[in-house]
Amino acid sequence: MAETGSEYIKHHLQHLTYGKLPAGYARKDQENQVVEVLTDSKWVISHNATESSDMGFSAIHLDSIAWSFFIGIMFCFIFRKITKNIHSGVPSKLQSVLEILVEFIDKIVKDSLTTKSVFIPSLGLTTFVWIFLMNLMDLIPVDWIPYVAEHLGITHMRVVPSADPNITLSMSFSVFLIMIFYWIKLKGIKGMVADLALHPFYSKNLAIRCLLIPINLLLETVTLLAKPVSLGLRLFGNMYAGELIFILIALIGVYQTPLYFCWAVLHILVITLQAYIFTTLTIVYIGMIHEEH
């Protein structure tokens with residue numbers, strides 16, 4: 001049976017999901033026919049989007065995790081190879097790119113931090129390159145890898161980890177935990193609470209200050225929690241939209257090549273910009289913790 005445009009889009013937006021289904025759950029095939037009724041709760045790979053949704057919080061996107069690890073390993077392998085062969089003479093092209101990246105991240109760190117740090121520049125460099133490479137997967141034609149996966153018996157395969165909110169939010173909340181760690185390390189629990197309770201409104205009058213504390217706590221807590229959420233969702237939203245446009249272009253058929261090329265050229269800017277924004281905000285958020293009010 002020929003696949004409709006709607007089915008094509010749904011198939012390409014479906015993750016390879018592993019999760020737990022409850023006892024008594026009726027599993028159905030693509031034609032909505034019951035093929036199995038589970039006697040006990042069971043961990044399985046989902047057949048369709050409905051099963052993935054019914055798995056709830058236990059659902060794990062295997063494709064996003066696998067591609068994230070693969071890209072991370074490739075990133076480490078390439079950079080290790082460059083650094084092992086680095087020299088002070090005429091640099092290779094890869095060494096030149098690495099030096100430009102290091103200087104670029106170092107400048108952002110120096111502009112955002114008043115103190116020296118070894119960890120934060122390394123975090124910034126890793127974040128930028130890893131996100132850029134994950135975003136770059138969006139330029140691979142949408143049918144190539146899923147086609148190979150289907151011939152290997154894998155029904156669904158999405159290859160852009162940054163188009164998955166689970167990946168982007170996990171990265172942004174990791175940044176959030178690093179912020180909290182530095183906050184407590186530099187100022188202690190007392191200093192962290194003071195930053196939340198005594199800003200942005202402050203008064204030298206003790207009575208007025210006590211009245212302002214609940215307002216400050218509410219405003220600063222909302223602002224604090226909004227940082228990782230907005231950081232992760234911004235990256236996800238842009239990459240998901242880009243992936244969806246590539247899928248829609250693929251539906252056109254034989255006339256898709258000119259449109260694909262034009263959107264790919266524009267999307268290269270989006271890919272780089274989103275990696276830059278995530279990295280810059282990561283460094284800025286950590287830099288704000290170092291500020292003394």
> Among I154, I100, I82, which is the only one that is farther than 30 Å from Y240 by Cβ and of a type in the set (V, I, T)?
Replying inline: I82
> Scanning region 1-53 for residues that are of a type in the set (S, T, Y) and part of a loop (DSSP other than H, G, I, E, B), which turns out farthest from R158 (Cα to Cα)?
Replying inline: T39
> Which condition does H87 not pass, out of (1) in a loop (DSSP other than H, G, I, E, B); (2) within 28 Å of A163 (Cβ to Cβ); (3) not acidic (D, E), if it passes all the others?
Replying inline: (2)
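Here is a yes/no grid of residues against (1) surrounded by fewer than 17 Cβ atoms within 10 Å (Cβ to Cβ); (2) at pLDDT 90 or above; (3) within 30 Å of L225 (Cβ to Cβ):
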position	(1), (2), (3)
K93	yes, no, no
L98	no, no, no
T127	no, yes, yes
W130	no, yes, yes
L152	yes, yes, no
P161	no, yes, yes
I180	yes, yes, yes
W183	no, yes, yes
> Can you tell me which residues in region 239-257 are among the hydrophobic types (A, V, I, L, M, F, W, C) and over 23 Å from the mean Cα position of the chain (by Cα)?
Replying inline: I249, A250, L251, I252, V254
> Taking W43 and the conditions (1) buried (at least 16 other Cβ atoms within 10 Å of the Cβ); (2) over 30 Å from I286 (Cβ atoms); (3) of a type in the set (A, V, I, L, M, F, W, C), which numbered condition does it fall short on, given that it satisfies the others?
Replying inline: (1)
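Return the residues of region 1-38 that are of a type in the set (G, A, S) and either within 19 Å of P146 (Cα to Cα) or in contact with a Cys (Cβ under 6 Å, 6 or more places away or on another chain) (or both); say none if nothing qualifies.
Quick first cut of region 1-38, residues of a type in the set (G, A, S) only: 2, 5-6, 19, 23-24, 26.
Those that are of a type in the set (G, A, S) and either within 19 Å of P146 (Cα to Cα) or in contact with a Cys (Cβ under 6 Å, 6 or more places away or on another chain) (or both): A2, G5, S6.
Could you list, in sequence order, all residues of region 167-225 that are in a helix (DSSP H, G or I) and among the basic types (K, R)?
Here is the first cut: in region 167-225, the ones in a helix (DSSP H, G or I) are 167-197, 206-225.
Selection gives K185, K187, K190, R209.
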>> Of the residues T126, T155, only one is in a helix (DSSP H, G or I) and among the β-branched types (V, I, T); which?
In response: T126
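The values are calculated or read from the model by the stated rules, or taken from the named source; none is laboratory data. Remember, it's a predicted structure, so these values are computed and weren't measured experimentally. So basically every Cβ, Gly included, is an ideal-geometry build from the backbone, and we count neighbours across all protein chains shown.
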